[in-house]
Amino acid sequence: MPREIEVLLSKEQIDARVAELALRIDAECGDGEMVVVGVLKGSFIFMADLVRHLKRQLTCDFIRVSSYDKDRSTGIVRMEFDLTQPVGGKNVLLVEDIVDTGTTLRHLLKHLETKRPASLKVCSLLFKDMGTDSRKLIDYLGFEVPRRYVIGYGLDSDGLYRSLPYVGAFKE
Ligand code: 5GP
């Protein structure tokens, strides 16, 4: 039986916020080419919408790490695949779906910093305040969400629900 889902962020709210984020990124990230790096798989829909609003020259790349087993964090971050191009001296924008404890993001930032980009900024669609100080790692944030497991707009539960056009959570 499909589980009942409560909508937390509608498609319209998300569309409007993505456009605002792109305006800010274009205005604040200086001139020059940008490498937009999506963290797979959860960011793929957000990133596809975001890059289509950005007016600057950019290239896209992807990185994949895993730390979640079913719907729970294991706390151990495994690099599954890395960027396909050198980013040394370039402006990198890392695009995340959600920052929760911040473990994944810290790991990714440490890894990307070793590649010596000219700048490294973080854009995350969602942030869940888990009492860590991970909010400060995000330069561009879409929305803060409650401490519930969220799905949709790229985010999954056991591989499902990524294609929902909104962000929701399972009804209790
Ligand atoms: P963190 O390392 O910050 O605890 O977790 C980050 C990663 O865990 C995210 O990129 C995402 O893949 C996954 N994650 C954390 N919270 C949620 C959630 O509420 N829903 C979904 N679908 N994934 C989550």
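Any read-out appearing in this document is the output of simple, stated calculations on the displayed coordinates, not a laboratory observation. Fair warning: this is a prediction, and the values are worked out from it, not measured in the lab. Neighbour counts are summed over all protein chains in view; Cβ atoms, including those assigned to glycine, are modelled from backbone coordinates with ideal geometry.
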Computed magnitude of the charge dipole of segment 112-172 (debye, nearest 20; Cβ of K, R +1, Cβ of D, E -1) = 140 debye
Report the local net charge at Leu141: Lys and Arg +1, Asp and Glu -1, summed over other residues whose C-beta lies under 15 Å from its C-beta.
-> -3
Counting other beta carbons within 10 Å of each Cβ, put Asp133, Asp26 in order, fewest first.
-> Asp133, Asp26
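Could you tell me how many cubic angstrom of Cα convex hull volume the chain has per residue?
Details: hull volume 18.9 nm³, N = 172.
Spread over its residues, the Cα hull of the chain gives 110 Å³ apiece.
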Cα-based Rg and Dmax for segment 85-172, where Dmax is the largest Cα-Cα distance (Å) = 14.4, 48
Percent antiparallel among DSSP beta bridges confined to the chain, rounded to 5, stands at 35 percent
Which of the lysines could a cross-linker bridge to Lys11, judged by Cα under 20 Å and excluding same-chain residues fewer than eight apart?
-> Lys41, Lys128, Lys171
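I want the local charge near Glu12. Using Cβ-Cβ distances under 14 Å, sum +1 for each Lys or Arg and -1 for each Asp or Glu among the other residues.
Values: positive: Lys11, Arg17; negative: Asp15, Glu20, Asp49.
Taking every Cβ under 14 Å from that of Glu12, the sum is -1.
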In the Gaussian network model of the chain, springs joining C-alpha atoms below 10 Å, which of Pro146, Pro117, Pro86 carries the largest mean-square fluctuation?
-> Pro86
Modelled label-to-label distance, Phe44 and Ala19, 7 Å Cα→beta-carbon offset: nm?
-> 2.6 nm
Report the far tail of the P(r) of segment 11-61, meaning the percent of Cα-Cα pairs longer than 15 Å.
-> 44 percent
Angle, helix 44-53 long axis vs. longest principal axis of the chain, Cα atoms, 0 to 90°, nearest 10?
-> 50 degrees
